[in-house]
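K.L.:
Dropping the structure in here first, questions after.
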Amino acid sequence: MESGLSRTAVDSAEWQAIPVFERPLHVGQPNIGDRAMFDGLVDQMFERRWLSNDGPLVQDFEQRIADFAGVKHCVAMSNGTAALEIAIRALGLSGEVIVPSYTFVATAHALQWQGITPVFADIDPLTHNLDPESVRRMITPRTTGIIGVHLWGRPAPVRELQEIADEHGLQLMFDAAHAFATTLGGKRIGGFGRAEIFSFHATKFFNTFEGGAVVTDDDEIAAAARLMRNFGFAGHDNVVSDGTNAKMTEVCAAMGLTNLAGVDAVIETNHRNYTAYQDALSGIPGVRLTQYDEAEECNFQYITVEVDDGPVSRDEIVAALISKNVLARKYFWPGCHRMQPYRDLYPDAGALLPNTEKVAARVIVLPTGTAVDEDAVASISEMIRVLTGGHAL
């Protein structure tokens, strides 16, 4: 243990009495639906000998996701990053695009990879989403778009970002990798901006093993995305645009259909765990659990806490939790602007991102999902109480 962490905490009888979990508890441990349903869909796939290339399971999955999100189009992809890259191209983005630095690095990489400059705007320290006024300050003559991120599944400031986009003639899209099955003003995430993207990676509460999607009400965006995910083919031997291979496979669609059937039960478990963490952590000074708007639909897939500066640092708490097999994470530390290649390209970016730097240094993400029960939540919360010297009120 690092010397900064109070030896009193980790050497105390209280800490020693808390057992090490027999198996690691991960952030984003996969939720797995009804195996019998999945096996039946895979059997159909094998009987048809149709494994990829826009098969019937993918088509069914796309329709169900579109219906669920309340949008006209869902274009399933091999992963969320491919969905980002293709949506960016479908919107015709170029030059500079404004994004948060406090996000998974794929949001920035999807631009940089295509020769587009990601320009990092700061976040609201309370919501962790883009600060519209910071976005305004980052607009230049080269700006063509804004990518908002619904971080932790909490909606970005959609109305304010749309007003900025309209005022400056910019394209607006959203990275909704965290936000499947959430709402803003009673409307499901998926239909805001010109397009949104989902990630269905194994670590997401709703997964297709690996996968993603572009969702939109825009017919042109959907048509362009469908072409680009399959090398630009419009029928056999007829390539009408550039493209890549970003198709979802049938087995991934089978997993998606299976998990979609059980998504309400997973959300119920996430909500139960969130409430248990909320009750257990609420009386510990200097530890704040991210709040969700209970008036909206929410997936509760992230248990995010901020730890104030004090005698015990965030990093020391994470290290101590890991020693007990609680594999907590420091999402999204240290921010994209401090990762490569952006650290070298924009060495002074941190001066413009004070809230990003502050939040990134304080956040801990804790395990939840169907692999975590209320006893585990109570034990993890007790660990945090002992480490911080807090006393439940």
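The values are calculated or read from the model by the stated rules, or taken from the named source; none is laboratory data. If you're wondering where the values come from, they're calculated on a predicted model, not measured in any experiment. Glycine gets a Cβ as well: all are built from the backbone with ideal geometry, and neighbour counts include every protein chain shown.
K.L.:
Is it the case that the range 90-100 has a residue that's more than 30 Å from Glu297 (Cα to Cα), part of a strand (DSSP E or B), acidic (Asp, Glu) and outside the structural domain of Ser323 (by TED's automatic domain parsing)?
P.N.:
The answer is yes, given that some residue of the range 90-100 is more than 30 Å from Glu297 (Cα to Cα), part of a strand (DSSP E or B), acidic (Asp, Glu) and outside the structural domain of Ser323 (by TED's automatic domain parsing).
K.L.:
For the range 54-70, enumerate the residues that are touching a helix residue (DSSP H, G or I) at 6+ places or on another chain (Cβ under 9 Å) and either surrounded by fewer than 23 Cβ atoms within 10 Å (Cβ to Cβ) or under 10 Å from Glu250 (Cα atoms) (or both).
P.N.:
Asp54, Gly55, Pro56, Leu57, Val58, Gln59, Asp60, Phe61, Glu62, Arg64, Phe68
K.L.:
Just to be sure before I move on: is Asp219 surrounded by fewer than 20 Cβ atoms within 10 Å (Cβ to Cβ), in the same structural domain as Leu91 (by TED's automatic domain parsing), under 15 Å from Ala66 (Cα atoms) and among the charged types (D, E, K, R) in the structure I sent?
P.N.:
Taking the combined requirement at face value, the residue satisfies it.
K.L.:
Please state which of the following conditions Gln301 fails to meet, knowing it meets all the rest: (1) free of Cβ contacts under 8 Å to residues at least 12 places away in the same chain; (2) part of a loop (DSSP other than H, G, I, E, B).
P.N.:
Every condition holds for Gln301 apart from (1).
K.L.:
Next up: Starting from residues that are of a type in the set (A, V, I, L, M) and not in a strand (DSSP E or B), keep the ones in the range 199-232 and report whichever is farthest from Leu172 (Cα to Cα).
P.N.:
Ranking the candidates gives Ala202 first.
K.L.:
For the range 30-70, which residues satisfy the criterion of being in contact with a Lys or Arg (Cβ under 8 Å, 6 or more places away or on another chain) and among the aliphatic types (A, V, I, L, M)?
P.N.:
Val58, Ala66, Ala69, listed by residue number.
K.L.:
Further question on the same structure: Determine if the range 350-361 includes at least one residue that is assigned by TED's automatic domain parsing to the domain that holds Tyr331 and not in a helix (DSSP H, G or I).
P.N.:
yes
K.L.:
Find all pairs meeting these conditions: Cβ atoms under 6 angstrom apart; at least six residues apart or on different chains; first residue within the range 182-201 and closer than 18 Å to Val263 by Cα; second residue assigned to a strand (DSSP E or B) and modelled with pLDDT of 95 or more.
P.N.:
If the second residue must be assigned to a strand (DSSP E or B) and modelled with pLDDT of 95 or more, the pairs left are Gly190/Glu196; Gly190/Val215; Phe198/Gly212; Phe198/Ala213; Ser199/Gly212; Phe200/Gly212.
K.L.:
Here's something else I'd like to know. What are the residues in the range 308-348 that are under 14 Å from Met383 (Cβ atoms), of a type in the set (Gly, Ala, Ser) and touching a Leu at 6+ places or on another chain (Cβ under 8 Å), if any?
P.N.:
Those that are under 14 Å from Met383 (Cβ atoms), of a type in the set (Gly, Ala, Ser) and touching a Leu at 6+ places or on another chain (Cβ under 8 Å): Ala319, Ala320, Ala328.
K.L.:
Continuing with the same structure: Out of Thr103, Thr107, I need the residue that is in a loop (DSSP other than H, G, I, E, B) and either crowded, with 22+ Cβ neighbours inside 10 Å or not charged (D, E, K, R) (or both). Which one?
P.N.:
Only one candidate passes the filter, namely Thr103.
K.L.:
Next question, about the same structure. Can you tell me which residue within the range 136-155, out of those that are of a type outside the set (Val, Ile, Thr) and part of a loop (DSSP other than H, G, I, E, B), is surrounded by the most Cβ atoms within 10 Å (Cβ to Cβ)?
P.N.:
Filtering the range 136-155 down to residues of a type outside the set (Val, Ile, Thr) leaves 136-138, 141-142, 145, 148, 150-155.
Add one more test, that the residue is part of a loop (DSSP other than H, G, I, E, B), and what stays is 141-142, 150, 154-155.
On the way: Pro141: 6, Arg142: 12, His150: 22, Arg154: 21, Pro155: 24.
Residue satisfying both the conditions and the ranking: Pro155.
K.L.:
Here's another thing I want to ask about it. Considering Ala176, Ala223, which residue is in contact with a His (Cβ under 6 Å, 6 or more places away or on another chain) and free of Cβ contacts under 8 Å to residues at least 60 places away in the same chain?
P.N.:
Details: Ala223 fails: in contact with a His (Cβ under 6 Å, 6 or more places away or on another chain).
Selected residue: Ala176, the only one of Ala176, Ala223 that is in contact with a His (Cβ under 6 Å, 6 or more places away or on another chain) and free of Cβ contacts under 8 Å to residues at least 60 places away in the same chain.
Matching residues to (1) surrounded by fewer than 22 Cβ atoms within 10 Å (Cβ to Cβ); (2) under 30 Å from Gly40 (Cβ atoms); (3) touching a helix residue (DSSP H, G or I) at 6+ places or on another chain (Cβ under 8 Å):
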position: His271; (1), (2), (3): yes, yes, no
position: Asn299; (1), (2), (3): no, yes, yes
position: Val307; (1), (2), (3): no, no, yes
position: Ala361; (1), (2), (3): yes, no, yes
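K.L.:
Looking only at the range 156-191, how many residues end up being on the phi > 0 side of the Ramachandran plot and surrounded by fewer than 20 Cβ atoms within 10 Å (Cβ to Cβ)?
P.N.:
Here the count works out to 3.
K.L.:
Which residues, taken from the range 1-54, are at pLDDT below 95 and not in a loop (DSSP other than H, G, I, E, B)?
P.N.:
Within the range 1-54, Arg7, Thr8, Ala9, Val10, Asp11, Ala13, Glu14, Trp15, Gln16, Ala17 qualify.
K.L.:
Go through Glu382, Glu316 for me and flag whichever is under 29 Å from His271 (Cα atoms), touching an Asp or Glu at 6+ places or on another chain (Cβ under 6 Å) and either at pLDDT below 95 or part of a helix (DSSP H, G or I) (or both).
P.N.:
Glu316
K.L.:
Ok, one more. Are there any pairs, at least 6 apart or on different chains, whose C-beta atoms fall under 9 Å, with the first in the range 349-372 and of a type in the set (Asp, Glu) and the second surrounded by 19 or more Cβ atoms within 10 Å (Cβ to Cβ) and part of a helix (DSSP H, G or I), and if so, which?
P.N.:
Glu357/His337
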